[in-house]
1. Return a whole-number percent for the relative contact order of segment 205-256, with Cα pairs under 8 Å and 6 or more residues apart as the contact set.
2. Can you compute the charge dipole magnitude of segment 27-397 about its Cα centre, using +1 on each Lys and Arg Cβ and -1 on each Asp and Glu Cβ, nothing else charged? Give it in debye, rounded to the nearest 20.
3. With runs of 4+ DSSP H residues as the only contributors, calculate the mean residue ellipticity of the chain at 222 nm using -39,500 (n - 2.57) per run, divided by the residue total and rounded to the nearest 500.
4. Could you count how many Lys pairs in the chain have their Cα atoms under 20 Å apart, skipping same-chain pairs fewer than 8 positions apart?
5. How high is the relative contact order of segment 255-371, in percent, counting Cα pairs under 8 Å that sit 6 or more residues apart?
6. With θ set to phi - 60° and the Karplus curve 6.51 cos²θ - 1.76 cosθ + 1.60, what are the ³J(HN,Hα) couplings of segment 186-197 in order, to the nearest whole Hz, using x for Gly and Pro?
7. Which far-off residues, 5 or more places away or on another chain, put their amide H under 5 Å from the one on Val389, with H placed in the peptide plane?
8. What percent antiparallel are the DSSP beta bridges of the chain, to the nearest 5?
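Throughout, read-outs are computed from the coordinates displayed, never taken from laboratory work. What you are looking at is a predicted structure, and each value in this text was computed from that prediction instead of being measured. Every residue, glycine among them, receives a Cβ derived from its backbone with ideal geometry; neighbour counts consider all protein chains shown.
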Amino acid sequence: MSATTETSSPAEVLGPVEGRAAEILTPEALAFVAELQRRFGPERERLLAARIERQSRLDAGELPDFLEETRGIREGDWRVAPAPADLQDRRVEITGPVDRKMVINALNSGARVFMADFEDANSPTWANLVEGQVNLLDANEGTISLDTGQKHYELGDNPAVLVVRPRGWHLVERHVHVDGEPISGSLFDFGLYVFHNRARPYFYIPKLESHLEARLWNQVFDFSEEQLGLSKGSIKVTVLIETVLAAFEMDEILYELREHIVGLNAGRWDYLFSLIKRLRSLDVVLPDRGQLTMTTPFMRAYTELLVKTTHRRGAHAMGGMAAFIPSRRDQEVNETALAKVREDKVREAGDGFDGTWVAHPDLVPVAMEVFDSVLGAKANQVERQRDEVSVEAGDLLDLRVEGGTVTEEGLRQNVSVGIRYLESWLRGVGAAAIDNLMEDAATAEISRSQVWQWVKHGEFTPGLVREVIADELPEGGRFEEAREIFERVALTDDFVEFLTLPAYEYID
C-alpha cells in the first residue's frame, strides 16, 4: 500500500511502507531528514549548478589546477582530528550492497571494515533502500540473521566495523518529497542511518568535486550532531577521491572536514570515468579499459599525491578496489587473477597506503597477508611521510598511455559489460558478477564513457557501435531497456553526467 506521514510530519512518503519499513520511516526520522533537506537542499542545488558551470569552462579550454585562493591551506601546518580506536586499523576493507546476506557475510569476512553501500553497488529501488536500512539497524544491534531454507546466516564473533556510503549529491530520492520536491538521495540515506544508528556514525562520502561540496557535508554533520545529541566530531567520514577535480583539492577537502574526516580513498574506477567526463575537450583518447592500470603515470601521480597529502595531515590513505570474483571451477583463472590482486596490494602497501578494498570475502586473506607483512603489529603507517613525492598539475593531466591501443575487442567488452550491468541494475541488483569481476555503476560508467569518447574521436562510428550492441545483446530479461539506456548515454552528442540519472526512470 502507499502511505503518507502524519500531517505533523513535513515529509511525504510516496513509496509503500510495509513490514518493518515502519521501524525506519518513523515520523521523527522523517522530520529529521526533511529538516536536513530544507536547510541544506538549496546549497546542494547551487553546488550542482556550479559543476555544470565549471564543465562549461573546461569545455572552453580551461584546465584544472591547484587553487590559488586556497594556497594558504595547502601550505599551512594543521592536522585532522584523531580517528577513533575502531578506525585506527583498516588494513583490509570489504565493500558491497546492503542486502541482508551480503551484510552478514561481509561483517563475518575477516575484514577490519565493511563499507555497506547505498551508492554504486546498490540499485536504488525503494525496496532495496528501505530494507537496507533495516538490515543495517539489525547489524548494529547484533541481531541480524537470515534463513534461506538451505542455509542459516548469522553474525559471528568480532564482526567488521560498519561504515555506510550514502548516494552522491547528484541523486534524488523520488519516493520521499519535502515541500513537493524529491529529497536529496544523500540526505535521505545519511539522515535515516544516523538517526537510527548513533553509536558509531561512520560514513564514506562519494563523488565530491570540490572542497565547497565537502563544506556542505561538514555543515550537515555539525547540524546532525547538535540535533541528535552527539558529541561534536563524533560523526566520522572517509572521502573518496574519485573525481579529477577533487584530486586538485585534497588538502582543502581534509581541511573543511577536519573535525570529522579520518581518511581519503583512491576510488580508481570512478576516477577514470571522471577523467573522460571532465576532460572531454582534450585531444586525447584513453585505450582499452584493460590497459588502464594503476601503474600508468597519471594514476601513479594521483595515488602518490593522495598518500602524501593524507599522511601529512594525520589521515589515513585507503587503496582501491580488487574486483576479482574467484571461480569455483577454473583454478587457472584464479591463480592468474590472484597473482594480479597480490601485485596490486603489494604496490599499495609499499606506497604507504594504510589499507585497501576488496569486493569478495575470498580476497580478504590475500590482501590481509600483504598488509600484515608491511604493517605487522602497527595499526597503520600514517607516520610514513612521502616527502619525496612531487606532483604537479601536469602530472595529473597527462593522460598519455605508452603503447596504449583502442581495439574492437575493447569496444565489445565495454558494450557487453555496460549492457549486462544495466540489465542487472534494472532488476534491482547493483553489484553484478560479470566475467569473474564484480561490476558496479562505476565500472559501467567507464564502459559507456569510453565508447562515447571513442565515437567522438572517430575511433568507431555510431553505426558500428550499434552493430556491436546487436551482436552482444542477450535475449530476455530487461535487456531491451538496458540497450535503450546504454545508447542514450554512449551515443548522444552531449555527455550525460551519470548513467544512473536516466536509468532511475526505469525502476520502482
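1. Details: 51 pairs, mean separation 28.6, N = 52.
Contact order relative to length: 55 percent.
2. Values: 44 positive and 60 negative charges, 46 e Å.
For this selection, approximately 220 debye.
3. Numbers: 19 runs with 234 residues, N = 508.
The per-residue figure over the chain is -14500 deg cm²/dmol.
4. Working: Lys101/Lys151; Lys207/Lys236; Lys207/Lys277; Lys277/Lys456; Lys308/Lys345; Lys308/Lys378; Lys345/Lys378.
Within the chain, the lysine pair count is 7.
5. Values: 105 pairs, mean separation 33.4, N = 117.
Reported as a whole number, the value is 29 percent.
6. Once rounded to whole Hz, the list reads 4, 5, 5, 5, 5, x, 5, 5, 5, 5, 8, 9.
7. Residues meeting the criterion, in which the H sits 1.01 Å from N, do not exist here.
8. Values: 15 of 44 bridges.
Beta bridges within the chain, antiparallel portion: roughly 35 percent.
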